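Beneath this line is the structure, given in structure tokens, with notes to follow.
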Amino acid sequence: MTSNNSPRILPELATLAAEQREVRIRFLKAEEEVREAALKAAEEKMRTAAERDAQEMVTTVFPETLARVVSLEMWRGYPGIDRAFRDLVPPSAVAYLGGSTYLHYTEPDADGGLVMTLHQPCTACGARIEHRLWDDIELGACLGSEDNPQLCGTRACERRSLDLFAV
């Protein structure tokens, strides 16, 4: 009686199996690299679109104020985030204006409105104050001066501001 498992065949099968595993691993790595490259390209596309859209909004909605000081190069875009079982975080862009003040732009919200916000530090405590901007008039009202301090509205800041701004 002869055996089908001759000593020469088993090492050859083991070698073929090892080669197939290596080929499969290389194939999976190549697939993953292609997916990562496509994801990076999509993120870069979202970033540049957010930067471009933010600048376009600045030039059309704020032509007499922000459009004169904010350029396309000042914007830093961020891609949107799609989390499973949560709302989508839309792409956005931020432009630093100096003095802990910056503009934040997001893609249209659920109502279809564009969102441009001005973030400033509280005059009394330094906490962030967020102002939604609609036009040049709203921007002018939000900008703080010594006559119009920007306060975050907490009780501690109200008390502190009474001490700071009392004359």
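Miscellaneous remarks
- Residues located in the range 31-62, provided they are surrounded by 11 or more Cβ atoms within 10 Å (Cβ to Cβ) and farther than 16 Å from THR117 by Cα: LEU39, LYS40, ALA42, GLU43, GLU44, LYS45, MET46, ARG47, THR48, ALA49, ARG52
Yes/no matrix, rows are residues, columns are (1) farther than 26 Å from ALA141 by Cα; (2) part of a helix (DSSP H, G or I):
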{"residue": "GLU22", "(1), (2)": "yes, yes"}
{"residue": "ALA30", "(1), (2)": "yes, yes"}
{"residue": "ALA38", "(1), (2)": "yes, yes"}
{"residue": "ALA42", "(1), (2)": "yes, yes"}
{"residue": "GLN55", "(1), (2)": "no, yes"}
{"residue": "ARG68", "(1), (2)": "no, yes"}
{"residue": "TYR96", "(1), (2)": "no, no"}
{"residue": "TYR105", "(1), (2)": "no, no"}
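- Qualifying residue in the range 121-141 (condition: farther than 30 Å from ALA38 by Cβ, modelled with pLDDT under 75 and surrounded by 18 or more Cβ atoms within 10 Å (Cβ to Cβ)): yes
- Of all residues in the range 98-107 being over 10 Å from HIS119 (Cα atoms) and surrounded by fewer than 17 Cβ atoms within 10 Å (Cβ to Cβ), the one that is farthest from the chain's Cα centre (by Cα): GLY99
- Checking each residue of the range 38-52 against the condition of being at pLDDT 85 or above, under 18 Å from LEU133 (Cβ atoms) and touching a helix residue (DSSP H, G or I) at 6+ places or on another chain (Cβ under 9 Å) gives at least one match.
The values are calculated or read from the model by the stated rules, or taken from the named source; none is laboratory data. None of the values given here were measured: they were computed from a predicted structure. Quick reminder, even Gly has a Cβ in these numbers, built from the backbone with ideal geometry, and neighbours come from all protein chains shown.
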